[in-house]
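Everything on this sheet refers to the single structure shown next.
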Amino acid sequence: MADQIKLTIWRYNPDNGPDNRPDKGDEYRPQTFTIPYQKDWSILDALNHIKAEVDGSLSYRWSCRMAICGSCGMMVNGTPRLTCSTYLNEFHPNEITLEPLANFPIIKDLVVDLTDFMDKLRSVKPWIIRENKKDDEDTSSEYLQTPAQMESYYQQSLCINCTLCYAACPAYGLHSDFLGPAAIALTYRYNNDSRDQGREDRRKVVAAENGVWKCPVVGDCTEVCPKHVDPSAAIQRTKVNSAVSWFFSFLKGGKGE
Amino acid sequence: MGLIKFIKSLEPLWWSLFGLGGAIAAFLFPAHILIQGVLIPAGILPKDMLQYENFAGLLSSPIVRIYFLALIVFPLYHAAHRIRMTLEDLRIGWLNAILPLLCYGGATAISISAVVVILRLP
Ligand code: SF4
Ligand code: FES
């Protein structure tokens, strides 16, 4: 008999009953599939095989298959990973357990509801803001940057919004108001872009109680990030910047913001 | 409630004290433990350094007093912040509501008593 591999997939069908985690009612249940083992298959390939050949009702998200769209994140044996770039040969002959990303409500099977993340992302205005656009500002040419200027935000610009860091973050798990790793990393990315002038706009959200100050520096976001964005470092640096500007505004006689 | 809101609005201050206290606890506490707790009792450094008159003599200098004050006060705020963060994760509603006051208020009260004690040293 050809080599096989076992995948246990936690399934949830909203039509069958009420939500869901954390109480993990009856409608949230594991189902085990035993499929042929191909050493060059990613977990996503295995899921596509199951959907095509075994159980067409299985739901999950994916698109690019090359770790750039950020939609295929799942809990793989308890750790948030991109399933298109996680391979069966890492686990074989042991089995693999797949769960939907932690800390998010489930829509169906391995598909989670990212509304909360999307709202937070929007709240930090992750785009280049030009405040003082003068009438005579030359918009016909490019904004030139030195390599050093680009270096200062390049690492954080690699984020693909996969939300693995939110699934890994215990602070987000406990306090869903927390702005969270990727949104803060992207704040850092735009604040440090020499073309951007939106730092003040973002400060109200980021330097607030539910912004950087909710982070207890666990560092799991940085561990799981598939793009090496290092959100934890971005958060800690933002804490320093926020504290410094708070003291300055305090000294200037403001009430410290 | 207004008071707790105000305390929470000082978040950058608490975090800065937390960072400073952490650095002091990490770098200076081990040095003190090493000198006062190991090297002197083991006789590697002269034993009379710990004698009352010598220590009291040291403490007569204002710089040494300020040093000891810093050694006590900043790590207190470090501990207060850490305890607050840890207990907040237990999510006990009524406790979380008063935690900032309890933790930073406690650290402030002990700090003030430390100032009083050090000022009243002979
Ligand atoms: S910071 Fe990393 S883990 Fe978080 S969303 Fe961006 S790419 Fe994904
Ligand atoms: S399918 Fe696009 S990141 Fe995995």
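We did not get these values from a lab; they are worked out from the coordinates using the rules stated. In this text the structure is predicted, and so the values were computed from the model without any measurement. Because the Cβ atoms are built from the backbone with ideal geometry, glycine has one as well, and the counts that use them run over all protein chains shown.
Figures for the structure shown
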item	result
Ratio of Rg to Rh over segment A:4-112 (Cα coordinates, Kirkwood Rh, two decimals)	0.94
Segment A:97-179: GluC sites (Glu not before Pro) in DSSP coil with no more than 11 other Cβ atoms inside 10 Å	A:GLU131, A:GLU137, A:GLU142
Acute angle (nearest 10 degrees) that the helix B:11-32 long axis makes with the longest principal axis of chain B, alpha-carbon atoms	20
q = 0.11, 0.15, 0.16 Å⁻¹: log10 I(q)/I(0) that the Debye formula gives for chain A, counting C-alpha atoms only	-0.69, -1.06, -1.16
Descending semi-axes in whole angstrom, ellipsoid equivalent of segment B:2-119, from the Cα gyration tensor	34, 16, 11
Listed residue (A:ASN77, A:LEU251, A:CYS162) projecting farthest to the positive dipole end of chain A, Cβ model	A:LEU251
Environment charge at A:LYS227 (Cβ cut-off 14 Å; Lys +1, Arg +1, Asp -1, Glu -1)	0
Cut-off of 10 Å, at most 14 other beta carbons, DSSP loop: longest stretch of chain A lacking such trypsin sites (Lys or Arg not before Pro)	A:40-129
Max mean-square fluctuation residue, GNM over chain A, Cα-Cα springs under 10 Å, options A:ASP220, A:ASP193, A:ASP119	A:ASP119
Ellipticity estimate at 222 nm from DSSP helix runs (n ≥ 4, -39,500 (n - 2.57)) divided over chain B, nearest 500	-25500 deg cm²/dmol
Separation of alpha-carbon centers, segment A:185-202 and segment A:71-137, rounded to whole Å	22
Modelled FRET efficiency - R0 45 Å, B:LYS47 with B:LEU102, Cβ distances, 0.05 increments	0.60
Whole-Å semi-axes of the ellipsoid equivalent to segment A:130-257 (Cα gyration tensor, √5λ, descending)	27, 21, 12
Computed magnitude of the charge dipole of chain B (debye, nearest 20; Cβ of K, R +1, Cβ of D, E -1)	240
For segment A:47-159, convex hull volume per residue from C-alpha positions, Å³	182
Chain B: angle of helix B:62-88 to the longest principal axis, Cα-based, in degrees nearest 10	40
Calculated FRET efficiency for the pair A:CYS64/A:GLU142, C-beta based, R₀ 22 Å, to 0.05	0.20
DSSP loop trypsin sites (Lys or Arg not before Pro) with at most 16 other Cβ within 10 Å excluded, longest remaining stretch of chain B	B:1-90
For A:THR97, residues with placed amide H under 5 Å, excluding near neighbours	A:THR8, A:ASN77
Sum of -39500 (n - 2.57) over DSSP H runs of 4+, divided by residues of chain A (222 nm, nearest 500)	-8500 deg cm²/dmol
